[in-house]
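Notes follow the structure.
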Amino acid sequence: MADREQMIRKEKQGSPLSNREIEEADERSSTSAKVVHEAIRLEGTEELERHSSSVAWSGLAAGLTIGTSMLGQGVLMAALPDTPWRPLVAAFGYALGFIFVTMGRQQLFTETTLTAMLPALHGSHSLSAVGRYWAVVFAANILGTTLFAAAMTMPHLLKPEYLQSMTDLGVKAVEPGFVAVLAKAIVAGWLIALMVWLMPAAGAARILVIVAVTWLISAGEFSHVIAGSAETALAAMRGAIGRSDYAMRFLIPAFLGNSIGGVVFVALLNHAQVRKEV
């Protein structure tokens, strides 16, 4: 901020514009990459310094909440007519869980591939601290999705067609196989971390950014390890897929892919562009 104020003062000297016009131009200018980086780094630092129990509870809440993505998409899929455009409209239901998690400030593993990584790249925290943080968040997220999936199987809670639609989502998630899920997860990890990178500059458009990014993940059939965990866990509980399918054909490749997409394609690249300035 001090550098920015100095730059504004220099611009005022000899400028044909008035001080007020220069200040207005500054207000209208886009947020710099350095400012975005610093905002996310500070958020990540705050999270890394939280007590592990607080992080675990936040991760558990996020795992439960992200289950509403499965619920929203499943209800829309069951309610809409069987047409080629049905998956595209139902994908908007997938955005619900991400809106709730992000606006509720709950900790979702795929978002922390950026927020927790920047302090380590900056040198203020060790990679081991980041690893411990990720382990707590991921385990809590998976527990939350498993509990949500189990709750959805309660008798008479949902219409049979809604439950079947959500089960079908889980079956579809494991169909591509290990390598394809890994590739799809890299894209999803990149998109989610990109969404986090956009947030500091999004302002009032935050929800629009969340909807746009998560709609694309769903419509493009990319693999998100936490949201997909709810879907595949439900399918496994109902016997539509094997428990080994849940772990080997989805959870492990999606975890690896999301991690690569978030860390390599967003955290490392976006840190590299500003590392000489922070």
Note to self: Of the listed values (1) 1.12; (2) 1.34; (3) 1.16, identify the label whose number matches Cα Rg over 2.2 N^0.38 Å calculated from this model.
What the structure shows: (1)
Next item on the list: Considering the options 258, 171, 248, tell which one lies farthest towards the positive end of the dipole of the range 131-278, charges being +1 on Lys and Arg and -1 on Asp and Glu at the Cβ, about the Cα centre.
Entry: 258
Note to self: Taking the full set of protein chains and a 1.4 angstrom probe, give the accessible area of residue 115 in square angstrom, rounded to the nearest 10.
What the structure shows: 10 Å²
Next item on the list: Report the percentage of all Cα-Cα pairs in the range 65-155 whose separation exceeds 17 Å, rounded to a whole percent.
Entry: 60 percent
Next item on the list: Springs between alpha-carbon atoms under 10 Å, Gaussian network over the chain: tell me which of 164, 107, 73 tops the mean-square fluctuations.
Entry: 164
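Please arrange 51, 125, 156, 37 by accessible surface area, largest first, computed with a 1.4 Å probe and ligands excluded. Working shown, then result.
Values: 51 130, 125 40, 156 185, 37 0 Å².
Per-residue accessible area, sorted high to low, gives 156, 51, 125, 37.
For n ≥ 4 DSSP H runs only, could you compute -39500 (n - 2.57) per run for the chain, divide by its residues and tell me the 222 nm figure to the nearest 500? List each step's numbers first, then the result.
On the way: 14 runs with 204 residues, N = 278.
My calculation for the chain gives -24000 deg cm²/dmol from helical runs alone.
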Checklist line | Phi to ³J(HN,Hα) by Karplus 6.51 cos²θ - 1.76 cosθ + 1.60 over the range 90-102, Hz, x for Gly, Pro | finding: 5, 4, 5, x, 5, 6, 4, x, 6, 4, 5, 5, 5
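To the nearest 20 debye, what is the magnitude of the charge dipole of the chain about its Cα centre, counting +1 on the Cβ of each Lys and Arg and -1 on the Cβ of each Asp and Glu?
Numbers: 21 positive and 22 negative charges, 63 e Å.
In total the dipole reaches around 300 debye.
Can you sort 245, 168, 82 by solvent-accessible area, 1.4 Å probe, largest first? Before the final figure, lay out the partial values.
Values: 245 40, 168 80, 82 130 Å².
Putting 245, 168, 82 in descending order of accessible area: 82, 168, 245.
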Note to self: So, for the chain, what is the accessible surface per residue at a probe of 1.4 Å, expressed in square angstrom?
What the structure shows: 48 Å²
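D for the range 123-278, whole µm²/s, Stokes-Einstein with Kirkwood Rh over alpha-carbon pairs at 10 °C and 1.306 mPa s: what number?
Details: Rh = 16.8 Å.
After rounding, the answer is 95 µm²/s.
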Check: Mind listing P(r) for the range 117-188? All alpha-carbon pairs, 5 Å bins, whole percents.
Finding: 3, 12, 12, 15, 18, 14, 11, 7, 5, 3, 1
Notebook entry, point to check: Hey, what did the chain get for relative contact order, percent, Cα under 8 Å, at least 6 apart?
Noted result: 26 percent
Item checked: Net dipole in debye of the range 64-196 [+1 Lys, Arg Cβ; -1 Asp, Glu Cβ; about Cα centre; nearest 20] -> 220 debye
Check: What's the lysine pair count for the chain at a Cα cut-off below 24 Å, pairs eight or more apart or interchain?
Finding: 6
Item checked: Cβ-based charge dipole, the range 172-276, positive-most Cα from 205, 185, 236 -> 205
Notebook entry, point to check: Expressed as an acute angle from 0 to 90° and rounded to the nearest 10, what is the orientation of the C-alpha long axis of helix 178-202 relative to the principal long axis of the chain?
Noted result: 40 degrees
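The values are calculated or read from the model by the stated rules, or taken from the named source; none is laboratory data. Just so you know, these numbers come straight off a predicted model, no measurement behind them. Neighbour counts are summed over all protein chains in view; Cβ atoms, including those assigned to glycine, are modelled from backbone coordinates with ideal geometry. Surface areas here come from the heavy atoms of the whole protein model, side chains and all, with no ligands, DNA or RNA. Shrake-Rupley method; radii C 1.70, N 1.55, O 1.52, S 1.80 Å.
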